[in-house]
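Peer 1: Mind having a look at this structure? Questions to follow.
The values are calculated or read from the model by the stated rules, or taken from the named source; none is laboratory data. Just so we're clear, the structure is a prediction, and the values are computed from it rather than from any experiment. Positions of Cβ are generated from backbone atoms using ideal geometry, with glycine treated the same way; all protein chains shown enter the neighbour counts. Accessible surface is based on the protein model in full, side chains and every heavy atom, while ligands, DNA and RNA are left aside. Shrake-Rupley method; radii C 1.70, N 1.55, O 1.52, S 1.80 Å.
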Amino acid sequence: MPDSVSEFPDKLRAAGVVGAGGAGFPSYVKAKGKAEFVLVNAAECEPLLKKDQSILARWPNRVFDGLEMFMRASGASRGILCIKRKHGNIIPALEKLAASRRGVSVCKLGDFYPAGDEQCIVYEATGRIVPPGGIPLDVGCIVSNVETFYNAAFAPSPVVKTFITVNGAVKRPSTFLAPVGISWREAVELCGGFTVKDPVFIDGGPMMGKVAFDFDAPVVKASSGIIVLPKDHPLIHKKTRTRSVFARQGRSACDQCSFCTQFCPRYMLGHAVEPHRVMRNLLFSSPEDAELHSRYALLCVGCSLCTLYSCPEGLDPKETCAAAKNDLRALKITYANSQLNTGAPVRPHPLREYRKVPVPKLIRRLGLEDYDRPAPWLETEIRPRRVKIMMSQHIGAPCTPCVREGQRVACGDKVGEVPGEKLGCPVHSSIAGTVLKVNEKYVEIIS
């Protein structure tokens, strides 16, 4: 552990530790906060992804080490590992290990989506509700995922590898540790290659991940895995609808049944987010006219449950909410200055427990039953010939390259630095080699 609690955030920043598997929020910021609880988000509720389970099965001590470091830095008296009870094969060992650590325990969650939403986890583990527009720290909590705590245990050693799952239409779905900067094509080749023609992939889970077509794109520190699917899969069609298409469909077919709202996880926590009301704004011709209904999108977290599960018409409330938020941003309207921000305390919906969506049922609705296979741990050492280290791998300011073409670098050497005191973390080379190309987007290195 670090010699001084005050040094820990600096070590996290130097190591480039960011949220692994989400938006990549720089972890040093969270470590500077003062909290009562530090929560390990091991829910991994996105279907078909398995990396958190693999880490906890093999390196639980490292995860708990990182948890204790965050507890010391934040002054938290309790650390809670939140994991679905369905992982009964590893929970007893985790509970035994937690019992050996002061103030650490295990919270068992149901197999529902989105159990991994940080505000849902805060409520499940502590009974506290994050205020609308707020963050877990507002109620004394810090939340990060499994790999983030794992990486924190090694700080200030730089993050040069990331755990990923490759699942879906590949011959041997697998979970493994990959050097940052290899291509997704190389990752798929490790899994035996594609099983379909015209494959595309979802970067991240099938619910919140983005559809991508370029398998030569590089793996980044925030990568959690990909789901490979045929280009004509219904899920791909749904996730690639343009605004003109989903707006036209919503305008013609939405009957205001409100299922999208009734299943919304943030609405069920008492927040003023109502997708069915946002759908009404499709009837208006300008963002100014639609503002009354658009503001009910301001607290949408983009979990996609409304679009991919709740709507009986197959419409797209999630993207409608995203478009509404963009329109409101142009009008300089935020939740903080909206009429919805009354400051009144919120309470969970009385039917919240009965509207949780079981993941197996969600998988069937997504049409992924044929791809719902184990992705076992693949013990392999990947030695790539070249890597592409992206300068933007996290929320905040992108890095500026700090190497030149032709320069020799060792594995772990810094190749990109965040300018000044801006929010962000440096990036490092994941191989030893020669810098082949440098530009504002990436540094390419060849061994």
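Peer 1: Testing Asp216 on (1) touching a residue at least 40 places away in the same chain (Cβ under 8 Å); (2) over 16 Å from Gly21 (Cβ atoms); (3) touching a strand residue (DSSP E or B) at 6+ places or on another chain (Cβ under 6 Å), one condition comes back false. Which one is that?
Peer 2: Unmet for Asp216, out of (1) touching a residue at least 40 places away in the same chain (Cβ under 8 Å); (2) over 16 Å from Gly21 (Cβ atoms); (3) touching a strand residue (DSSP E or B) at 6+ places or on another chain (Cβ under 6 Å): (1).
So that you can scan it fast, the table gives a plain yes or no per residue for (1) touching a strand residue (DSSP E or B) at 6+ places or on another chain (Cβ under 8 Å); (2) surrounded by fewer than 13 Cβ atoms within 10 Å (Cβ to Cβ):
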{"residue": "Lys356", "(1), (2)": "yes, no"}
{"residue": "Asp372", "(1), (2)": "no, no"}
{"residue": "Ile382", "(1), (2)": "yes, no"}
{"residue": "Arg385", "(1), (2)": "yes, yes"}
{"residue": "Ser392", "(1), (2)": "no, no"}
{"residue": "Ile395", "(1), (2)": "yes, no"}
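Peer 1: For Gly367, only one of the following conditions fails: (1) at pLDDT below 95; (2) over 30 Å from Leu292 (Cβ atoms); (3) within 24 Å of the chain's Cα centre (by Cα). What is its number?
Peer 2: The failed condition is (1).
Peer 1: Now, a different point. Determine which member of the set Gly205, Gly181 is surrounded by 18 or more Cβ atoms within 10 Å (Cβ to Cβ), assigned to a loop (DSSP other than H, G, I, E, B), touching a Pro at 6+ places or on another chain (Cβ under 7 Å) and modelled with pLDDT under 95.
Peer 2: Working: Gly181 fails: modelled with pLDDT under 95.
Within the list Gly205, Gly181, the selection yields Gly205.
Peer 1: Select from the stretch 134-145 the residues that are open to solvent by 20 Å² or more (accessible area, probe 1.4 Å), assigned to a strand (DSSP E or B) and hydrophobic (A, V, I, L, M, F, W, C) and list them in ascending order.
Peer 2: none
Peer 1: Hey, among the residues in the stretch 87-133 that are in contact with an Asp or Glu (Cβ under 7 Å, 6 or more places away or on another chain) and buried (at least 19 other Cβ atoms within 10 Å of the Cβ), which one's farthest from Leu67 (Cα to Cα)? Steps first, answer last, please.
Peer 2: Of all residues in the stretch 87-133, those in contact with an Asp or Glu (Cβ under 7 Å, 6 or more places away or on another chain) come to 101, 106-107, 109, 116, 130-131.
Those still in the list that are buried (at least 19 other Cβ atoms within 10 Å of the Cβ) too: 106, 109, 116, 130.
Working: Val106: 12, Leu109: 19, Gly116: 17, Val130: 21 Å.
Per the stated criteria, the residue is Val130.
Peer 1: Kindly indicate whether Arg365 is without any contact (Cβ under 8 Å) to a residue 60 or more places away in the chain, in a helix (DSSP H, G or I) and touching a helix residue (DSSP H, G or I) at 6+ places or on another chain (Cβ under 9 Å). Lay out the reasoning, then the answer.
Peer 2: Numbers: without any contact (Cβ under 8 Å) to a residue 60 or more places away in the chain: yes; in a helix (DSSP H, G or I): yes; touching a helix residue (DSSP H, G or I) at 6+ places or on another chain (Cβ under 9 Å): yes.
Against the criterion (without any contact (Cβ under 8 Å) to a residue 60 or more places away in the chain, in a helix (DSSP H, G or I) and touching a helix residue (DSSP H, G or I) at 6+ places or on another chain (Cβ under 9 Å)), Arg365 qualifies.
Peer 1: When you scan the stretch 187-198, do you find a residue that is at pLDDT 95 or above and closer than 18 Å to Ala23 by Cα, even just one?
Peer 2: Checked the stretch 187-198: no residue is at pLDDT 95 or above and closer than 18 Å to Ala23 by Cα.
Peer 1: Another question about this same structure. Return the total of residues in the stretch 418-429 being touching a residue at least 60 places away in the same chain (Cβ under 8 Å), part of a loop (DSSP other than H, G, I, E, B) and open to solvent by less than 10 Å² (accessible area, probe 1.4 Å). Walk me through it before giving the result.
Peer 2: Residues of the stretch 418-429 that are touching a residue at least 60 places away in the same chain (Cβ under 8 Å), as a first pass: 423-429.
Those left that are additionally part of a loop (DSSP other than H, G, I, E, B): 423-426, 429.
Still in the running and open to solvent by less than 10 Å² (accessible area, probe 1.4 Å): 424-426, 429.
Residues meeting the conditions: 4.
Peer 1: Would it be correct to say that Ala99 is of a type in the set (Gly, Ala, Ser) and more than 18 Å from the chain's Cα centre (by Cα)? Explain how you work it out, then say what you get.
Peer 2: Details: of a type in the set (Gly, Ala, Ser): yes; more than 18 Å from the chain's Cα centre (by Cα): yes.
In short, yes.
Peer 1: State all residues of the stretch 334-358 that are outside any loop (DSSP other than H, G, I, E, B) and more than 16 Å from Met207 (Cβ to Cβ); if no residue qualifies, say none.
Peer 2: Here is the first cut: in the stretch 334-358, the residues outside any loop (DSSP other than H, G, I, E, B) are 352-354, 357-358.
Hits for the stretch 334-358 are Arg352, Glu353, Tyr354.
Peer 1: Just for the stretch 216-246: of the residues that are under 20 Å from the mean Cα position of the chain (by Cα) and assigned to a loop (DSSP other than H, G, I, E, B), which one is surrounded by the most Cβ atoms within 10 Å (Cβ to Cβ)?
Peer 2: Top of the filtered list is Lys221.
Peer 1: Just a yes or no: is a residue in the stretch 152-166 β-branched (Val, Ile, Thr), touching a Gly at 6+ places or on another chain (Cβ under 9 Å) and surrounded by fewer than 23 Cβ atoms within 10 Å (Cβ to Cβ)?
Peer 2: Start the filter on the stretch 152-166 by keeping residues that are β-branched (Val, Ile, Thr), which leaves 159-160, 162, 164-166.
Add one more test, that the residue is touching a Gly at 6+ places or on another chain (Cβ under 9 Å), and what stays is 159-160, 162, 164-166.
Subsequent filtering for residues that are surrounded by fewer than 23 Cβ atoms within 10 Å (Cβ to Cβ) retains 160.
Among the residues of the stretch 152-166, at least one is β-branched (Val, Ile, Thr), touching a Gly at 6+ places or on another chain (Cβ under 9 Å) and surrounded by fewer than 23 Cβ atoms within 10 Å (Cβ to Cβ), which makes the answer yes.
Rundown of residues vs (1) among the aliphatic types (A, V, I, L, M); (2) more than 23 Å from Gly209 (Cβ to Cβ); (3) in contact with a Leu (Cβ under 7 Å, 6 or more places away or on another chain), yes/no style:
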{"residue": "Lys86", "(1), (2), (3)": "no, no, no"}
{"residue": "Asn89", "(1), (2), (3)": "no, yes, no"}
{"residue": "Ser100", "(1), (2), (3)": "no, yes, no"}
{"residue": "Asp111", "(1), (2), (3)": "no, no, no"}
{"residue": "Ile121", "(1), (2), (3)": "yes, no, yes"}
{"residue": "Asn151", "(1), (2), (3)": "no, no, no"}
{"residue": "Phe154", "(1), (2), (3)": "no, yes, no"}
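Peer 1: Moving on to the next point. Which residues, taken from the stretch 243-283, are free of Cβ contacts under 8 Å to residues at least 24 places away in the same chain and basic (Lys, Arg)?
Peer 2: Within the stretch 243-283, Arg248, Arg277 meet the criteria.
Peer 1: Residue check: is Val106 closer than 29 Å to Pro426 by Cβ and assigned to a strand (DSSP E or B)? Before you say what the answer is, go through the steps one by one.
Peer 2: Working: closer than 29 Å to Pro426 by Cβ: no; assigned to a strand (DSSP E or B): yes.
Taking the combined requirement at face value, the residue does not satisfy it.
Peer 1: Same structure, new question: Here is a list: Val146, Val106. Which entry is touching a helix residue (DSSP H, G or I) at 6+ places or on another chain (Cβ under 7 Å) and without any contact (Cβ under 8 Å) to a residue 60 or more places away in the chain? Before you say what the answer is, go through the steps one by one.
Peer 2: Details: Val146 fails: without any contact (Cβ under 8 Å) to a residue 60 or more places away in the chain.
Criteria check complete, one pass: Val106.
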